[in-house]
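Computed from the coordinates by the stated procedures, all read-outs in this text should not be read as laboratory data. These numbers were taken from a predicted model, which means no experiment stands behind them. FYI the Cβ positions are ideal-geometry reconstructions off the backbone, even for glycines, and counts take in every protein chain you see.
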Amino acid sequence: MEYDVVHTDDVPLTDLSETDEVPPDLQIRAIDDFLPTDHLQLKLWYFEPGEEIQYHAHAEQEELYYVLEGEFSLKLGRSGAEEYVEAGPGTFWVAKPEVGHGHRNVGDEEGVVLAIGAPAVDDPGLDPHELDDADD
């Protein structure tokens, strides 16, 4: 088939706290497990108030984020030049390879963020401070 259709409710919610090798301890829906995406990763991340994805970077992957629900504080930029930006529903942001990014749910309700990453490679989070040290 040249196309696939999936509804969010048909993708199981995965509790990452049960997976030792994958911090943070959030819940996700791995949409890309149900759609045949060859070149991108597609996840819905669910954040309770105060939960976050800590400041990190990726070696190869570019990530596009979109806030569906909730209020977030974003930490964006290279080590030593980070900025904080407030983001609510309807907000997009992008993180290029080797550029630090992280976000925290600062609201009182659950937050939901759509994350699209490309290329679809295993690209674990790196410490942006160490990346900048390597460039010196």
Self-check item: q = 0.10 Å⁻¹, region 2-125: log10 I(q)/I(0) [Debye, one scatterer per Cα]
Solution: -0.30
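List Tyr3, Tyr66 from most exposed to least, where exposure is judged by having the fewest other Cβ atoms within 10 Å. Mind dumping the intermediate values first?
On the way: Tyr3 6, Tyr66 16.
Ranking Tyr3, Tyr66 by Cβ neighbours within 10 Å, fewest first, gives Tyr3, Tyr66.
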Quiz item: When the helix-only estimate is applied to the chain (DSSP H runs of n ≥ 4, each -39,500 (n - 2.57), divided by the residue count), what is the mean residue ellipticity at 222 nm, nearest 500 deg cm²/dmol?
Solution: -1500 deg cm²/dmol
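Report the charge-dipole magnitude of the chain in Debye, nearest 20, computed about the Cα centre from +1 at each Lys and Arg Cβ and -1 at each Asp and Glu Cβ.
Numbers: 6 positive and 35 negative charges, 85 e Å.
With only Lys, Arg, Asp and Glu charged at Cβ, the dipole is about 400 debye.
Please arrange Val67, Val6 by how many other C-beta atoms lie within 10 Å of their C-beta, fewest to most. Please list the in-between numbers first.
Working: Val67 21, Val6 12.
Ordered by Cβ neighbours within 10 Å, fewest first: Val6, Val67.
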